[in-house]
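A short write-up of the structure that comes next.
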Amino acid sequence: MDINGQQHIRTFCYLFDFSKVKQYTNIRYPFPADPPYVPKENPCGAYLYDFTYQKDAAAPRAFLNFEGVASCFYVWLNGQFVGYSQVAHSTSEFDVTKFLQDGTNHLAVLVLKWCDGSYMEDQDMFRMNGIFRDVYLLHRPEQCIEDYFITTDIHGSTAEVAVRLRYYDSAVATRITLYDAADTMVGSVTPVEASDDAAFPYHAEITVVDPTLWNAEQPYLYTLVLDTPNEIITDRVGIREVHVANNQIYVNGQSIKFHGVNRHESDPVTGYAVGFEQTKKDLLMIKKHNFNAIRTSHYPDVPYFYQLCDQYGFFVIDEADNESHGASEYYCEGNESWPNHVENWNKPIADNPEFTEATVDRTRRCVERDKNRPCVIIWSMGNESAYGCTFEEALAWTKSFDPRRLTHYESAQYRSKNRKYDFSNIDMFSNMYPSLESIQEYLDNEPDKPYSAENTLEVYSEASGNWSAVVLDYCRISAKGVGTDFAAEDTVTLTGSAAEQAGQEVPSCCTDNLTLASPVRLPPLAPVPQREIPAAWVDALADAMGQGLPLYRATHAVHSCLLLRAGKILYRCEDLGRHNALDKAVGCALTEGVPLAECVLFTSGRVPVDMVRKAIRAGVPALVSKSMPTVQSLELAEEYGLKLFIRQKK
């Protein structure tokens with residue numbers, strides 16, 4: 001079917017189950033690591049499809065588009081090799097004009113499970129392979145616009161909407177017109193040649209008087225029409241500016257705070273193939289709960305996601321399809337020393353010049369595809385890959401190509417000490433799972449960049465049951481901001497059963513629609529009286545240690561938490577995160593009415609200050625871990641009367 005120049009061959013949303021087992025891994029590569037090589041026994045899937053094509057004299061060019069294929073693929077059309085591509089969550093386009101024939105055409109696609117790009121697609125998620133986004137033919141005129149870049153600048157009571165263009169072979173007559181939301185024409189111009197711009201050698205500007213600006217609360221959109229003799233392109237424009245000043249992020253001159261979520265494109269039935277209606281449902285649900293920002297963790301989302309974000313009003317951190325988390329273990333036999341991870345993480349890939357081209361390519365694919373979406377205000381270079389020359393180049397290119405947006409890369413803090421690094425093209429300081437104390441310390445030390453507490457509020461989604469004990473504290477410090485007194489924070493009081501269950505006020509940065517599934521009252525953070533652990537509990541701890549309980553796992557990515565009462569194990573919970581395992585154990589106890597003041601917690605992982613805070617909130621008198629707590633953890637535990645025990649390895 002031909003709709004507006006697109007012939008949808010078929011949405012090949014079929015993911016090959018190559019291994020017969022649903023595969024999930026967080027850090028370690030799902031194959032023996034030897035970058036850039038992958039196993040010779042590399043499973044593959046073959047797609048064969050016949051379709052009918054009739055050449056259109058007005059639009060004789062044809063481009064075959066694949067919007068998402070994991071991990072790499074080869075394409076043949078009518079028995080002729082068309083090309084190869086990789087980067088799973090990125091659009092790949094092939095000019096197939098010379099390969100097409102009138103009548104029936106035979107398309108063949110071979111998808112491989114792994115390629116060298118798999119070393120840079122080690123995201124914490126289920127691993128699936130195949131074609132999972134739309135596949136279509138795009139019909140274009142012989143001479144037409146190849147690409148365009150829309151930017152906006154605000155000057156007091158006026159704004160400039162600039163359009164930079166390039167054409168395929170030669171320029172064609174073009175009229176660019178801007179309409180407001182009521183379909184009233186705002187302005188109309190013809191582009192002129194700009195010889196000093198090699199990337200987009202034709203420019204046009206439209207002045208908007210008293211513009212209505214786009215933001216997450218008022219996502220006002222104009223319509224831009226690019227009219228050429230044989231083709232009309234329409235797009236939506238949001239007039240907005242973003243910049244950093246005084247260690248804060250400003251949108252349209254107003255200081256803003258992100259209250260956002262990380263969002264994976266994943267469905268329990270269709271896997272990576274998340275359709276339009278499901279995407280729309282997700283965004284409406286997120287909007288309903290008063291979030292204003294989304295990070296596309298950890299790759300670019302399907303193209304219509306951004307169009308919906310433009311419409312519904314979300315600030316988007318658009319993340320490149322780049323994560324080499326497995327490289328953190330490449331030189332770390334035994335996996336015991338975190339400083340050793342940090343020192344060596346960037347050696348295989350992030351600071352390896354052989355991967356610079358691939359890293360920049362992944363960044364360019366993300367930026368080039370989504371450059372015209374007003375919802376995107378920050379480009380993220382990727383996730384959990386450490387830092388080095390590859391990202392220095394990617395950041396430099398991004399800032400050169402699009403200086404009007406901000407840049408972000410949390411993993412810049414992970415690098416070796418063998419040289420100095422260039423951080424000049426990163427606009428904000430990011431930290432994953434930070435403690436409250438570390439956030440406050442950063443804010444108190446007169447930083448030169450805004451703070452991005454990445455993944456801080458994952459307890460919203462990852463906590464078991466209703467026990468997200470530290471979420472209120474993070475909301476409060478978020479509401480505080482820089483130079484604002486805690487007492488000045490805005491709060492909303494829950495009403496009805498939700499207020500009875502929570503028993504506390506919640507900062508407005510959470511949600512005024514908060515509901516709890518079961519009647520659990522979160523204990524306030526108040527000093528716990530000094531309590532000596534009964535001898536029976538000490539004996540129970542000793543017995544549990546003597547039994548060699550399985551608190552240690554083959555991989556550090558899985559953590560255990562035991563909850564004991566009167567010498568008996570009530571719950572044993574496991575999770576990929578130590579915080580989550582503790583959440584599950586305490587959540588079970590709260591749900592079933594177990595008196596936590598009579599319980600003891602065992603945890604397999606390290607004990608950062610946030611875990612101590614959770615234990616204090618729960619009201620348990622003792623916490624046992626496998627390793628020495630941090631100084632902050634010891635100080636906090638002593639202040640609130642929590643007894644910490646260290647379990648010695650046998």
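The values are calculated or read from the model by the stated rules, or taken from the named source; none is laboratory data. A quick note: this is a predicted structure, and the numbers were derived from the prediction, not measured. Ideal geometry is used to build each Cβ from the backbone, glycine not excepted, and the neighbour counts take in all protein chains shown. Keep in mind that these areas ignore ligands, DNA and RNA; they rest on the heavy atoms of the full protein, side chains included. Shrake-Rupley method; radii C 1.70, N 1.55, O 1.52, S 1.80 Å.
One residue stands out in region 281-300 among those that are of a type outside the set (A, V, I, L, M, F, W, C) and open to solvent by 70 Å² or more (accessible area, probe 1.4 Å): the one that is nearest to the chain's Cα centre (by Cα), namely LYS281. Considering only residues in region 102-121 that are of a type in the set (Gly, Ala, Ser) and buried (at least 20 other Cβ atoms within 10 Å of the Cβ), the one that is farthest from ALA171 (Cα to Cα) turns out to be SER118.
The listed residues are TYR148, TYR167, and the only one of them that is out of contact with any Leu (no Cβ under 8 Å at 6 or more places or on another chain) and modelled with pLDDT of 95 or more turns out to be TYR167. Of all residues in region 301-327, those being surrounded by fewer than 23 Cβ atoms within 10 Å (Cβ to Cβ) and in a loop (DSSP other than H, G, I, E, B) number 1. Quick check on my filter: what residues within region 10-45 are hydrophobic (A, V, I, L, M, F, W, C), at pLDDT 60 or above and in a loop (DSSP other than H, G, I, E, B)? Passing the criteria: VAL21, ILE27, PHE31, ALA33, VAL38. The residues of region 404-460 that are of a type in the set (S, T, N, Q), at pLDDT 90 or above and within 17 Å of ASN247 (Cα to Cα), listed by number, are THR407, SER424, ASN425.
Residue count for region 214-234 under the criterion of being assigned to a loop (DSSP other than H, G, I, E, B) and either within 29 Å of the chain's Cα centre (by Cα) or closer than 15 Å to ASN372 by Cα (or both): the result is 6.
Out of all the residues in region 216-229, is one or more more than 23 Å from TYR148 (Cα to Cα) and either among the hydrophobic types (A, V, I, L, M, F, W, C) or touching a strand residue (DSSP E or B) at 6+ places or on another chain (Cβ under 7 Å) (or both)? Among the residues of region 216-229, at least one is more than 23 Å from TYR148 (Cα to Cα) and either among the hydrophobic types (A, V, I, L, M, F, W, C) or touching a strand residue (DSSP E or B) at 6+ places or on another chain (Cβ under 7 Å) (or both), which makes the answer yes. Kindly check whether there is at least one residue in region 52-73 that is part of a strand (DSSP E or B), closer than 30 Å to PRO30 by Cβ and open to solvent by 10 Å² or more (accessible area, probe 1.4 Å). No, the conditions are met nowhere in region 52-73. Would a scan of region 332-345 turn up a residue that is open to solvent by 20 Å² or more (accessible area, probe 1.4 Å), part of a loop (DSSP other than H, G, I, E, B) and touching a Ser or Thr at 6+ places or on another chain (Cβ under 6 Å)? Among the residues of region 332-345, not one is open to solvent by 20 Å² or more (accessible area, probe 1.4 Å), part of a loop (DSSP other than H, G, I, E, B) and touching a Ser or Thr at 6+ places or on another chain (Cβ under 6 Å), which makes the answer no.
Sub-8 Å Cβ pairs linking a first residue in region 161-180 that is over 23 Å from TYR222 (Cα atoms) and in a strand (DSSP E or B) to a second residue that is open to solvent by less than 60 Å² (accessible area, probe 1.4 Å) and among the β-branched types (Val, Ile, Thr), at least 6 apart or interchain, are TYR167/ILE145, ordered by first then second residue. Picking from residues in region 395-437 that are free of Cβ contacts under 8 Å to residues at least 12 places away in the same chain and under 22 Å from the mean Cα position of the chain (by Cα), the one that is nearest to GLU384 (Cα to Cα) is PHE423. Going by the conditions given, is GLN218 closer than 23 Å to ARG405 by Cβ and open to solvent by 30 Å² or more (accessible area, probe 1.4 Å)? Spelling it out, GLN218 is indeed closer than 23 Å to ARG405 by Cβ and open to solvent by 30 Å² or more (accessible area, probe 1.4 Å). Regarding TYR37, is this residue in contact (Cβ under 8 Å) with a residue 40 or more places away in the chain and surrounded by 16 or more Cβ atoms within 10 Å (Cβ to Cβ)? Judged against the criteria, TYR37 is not a match.
Scanning region 122-138 for residues that are under 25 Å from TYR167 (Cα atoms) and buried (at least 20 other Cβ atoms within 10 Å of the Cβ) gives VAL135, LEU137.
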